[in-house]
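Read through the structure below, which is laid out as structure tokens, and then see the notes.
The values are calculated or read from the model by the stated rules, or taken from the named source; none is laboratory data. Here the structure is a predicted model, which is why all the values come from computation and not from measurement. Cβ placement follows ideal geometry from the backbone for every residue including glycine, while neighbour counts extend to all protein chains displayed. Accessible surface areas use protein heavy atoms only, side chains included; no ligands, DNA or RNA. Shrake-Rupley method; radii C 1.70, N 1.55, O 1.52, S 1.80 Å.
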Amino acid sequence: MLAAERYDRIVEMVNVKGSMRVSELSEHCRVTEETIRRDLDRLEQAGRLRRSHGGAVSVKEEQPEIPYRVRETTHVEEKKRIAQSALSMIRPGDRILLDASTTAGYMAANMPDNMPLTVLTNSIQVATELSSRDKIEVISTGGQLAQRSLSFVGPLAERSLETYHVDKLFLSCKGVHLEGGGISESNELQARLKQKMVGISDQVILLADRSKFGVRAFARVTGLNAVHEVITNQPLDDDLIERLNSYDIKITRV
């Protein structure tokens, strides 16, 4: 197989599956993994796919992130009520993790001034909101700046999270789909980082307004079995509530 033919074959397979690992591509194309890595570098430079940790991701199917400033103007009242309910779960001395969602931004904006906390976040907005709170220790992951979400992502951010352990994770997402694999995000970089967040947290609290349910986004984060509590706004269908209860998930409606 000529190199040009191999490039076409790689792009075709990645587009069909959404993402593939180097080892899989090496086996299908019958070349070494080192050759595949060089191929992926060239294909990324050409804009035909995007490199990921250990493989490649389709750029054809990936959904662009909605800019933070746009998300700030949608479902505002619902998000503020969800954020207020989430704040009531925080106790002095807690070590908490806030993602880069607008709901987490509302939590940070209304965080009590006099409560000692440690807050780990990948969000520029959250870190900025908490910068004036004397009793709150803020730790930022650092990493690659995702401009649309004003967040840090990528391998450096992922490795940073591995250094810590937190009591509570307040997590948002692009979609919650009961039949479609659980919680999902618009792109793989966000999904991978949120997988790490779940892995270092004792308790996972999902913050999701009603519009997130029934949505199956591009990249899977985790199954619903990893979630301990869902905070959402009314109304939720009785059938949906029943199915969430089957996962032993506490539901708070605001």
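Remarks
- Looking only at segment 109-123, and only at residues there that are open to solvent by 30 Å² or more (accessible area, probe 1.4 Å) and touching a helix residue (DSSP H, G or I) at 6+ places or on another chain (Cβ under 9 Å), the one that is farthest from LEU87 (Cα to Cα): ALA109
- Residue check, ILE90 assigned to a helix (DSSP H, G or I), over 18 Å from the mean Cα position of the chain (by Cα) and modelled with pLDDT of 90 or more: no
- Reported count of residues in segment 125-142, each being open to solvent by 20 Å² or more (accessible area, probe 1.4 Å) and part of a strand (DSSP E or B), is 4.
- Identification of helices (runs of 4 or more DSSP H) wholly contained in segment 1-60 with 3 or more residues that are at pLDDT below 85 and either open to solvent by 70 Å² or more (accessible area, probe 1.4 Å) or of a type outside the set (Phe, Trp, Tyr) (or both) yields 3-17.
- Residues located in segment 78-92, provided they are crowded, with 17+ Cβ neighbours inside 10 Å and among the aliphatic types (A, V, I, L, M): ILE82, ALA83, ALA86, ILE90
- In segment 150-171, the residues that are open to solvent by 10 Å² or more (accessible area, probe 1.4 Å), free of Cβ contacts under 8 Å to residues at least 40 places away in the same chain and more than 14 Å from LEU120 (Cα to Cα): LEU156
- Criterion applied to GLN203, GLN195 was being surrounded by fewer than 23 Cβ atoms within 10 Å (Cβ to Cβ), of a type outside the set (Gly, Ala, Ser) and under 13 Å from the mean Cα position of the chain (by Cα), and the one residue passing it is GLN195.
- The C-beta contact set for segment 233-248 (first residue surrounded by 11 or more Cβ atoms within 10 Å (Cβ to Cβ), second residue among the basic types (Lys, Arg), distance under 8 angstrom, 6+ apart or interchain) comprises ASN233/ARG81; ASN233/ARG210; ASN233/ARG253; LEU236/ARG210; LEU236/ARG253.
- Which listed residue, of LEU189, LEU224, is open to solvent by 10 Å² or more (accessible area, probe 1.4 Å), of a type in the set (A, V, I, L, M, F, W, C) and over 24 Å from VAL76 (Cβ atoms): LEU189
- In segment 206-220, residue farthest from ASP94 (Cα to Cα) [restricted to those that are charged (D, E, K, R) and open to solvent by 50 Å² or more (accessible area, probe 1.4 Å)]: ARG216
- If you check LYS212, LYS174 for being more than 18 Å from VAL126 (Cβ to Cβ) and in contact with a helix residue (DSSP H, G or I) (Cβ under 8 Å, 6 or more places away or on another chain), only one passes: LYS174.
- Of the residues making up segment 124-149, those that are touching a helix residue (DSSP H, G or I) at 6+ places or on another chain (Cβ under 8 Å), aliphatic (A, V, I, L, M), over 24 Å from SER52 (Cα atoms) and in contact (Cβ under 8 Å) with a residue 24 or more places away in the chain number 1.
- ARG95 open to solvent by 10 Å² or more (accessible area, probe 1.4 Å), touching a Leu at 6+ places or on another chain (Cβ under 9 Å) and touching a residue at least 60 places away in the same chain (Cβ under 8 Å): yes
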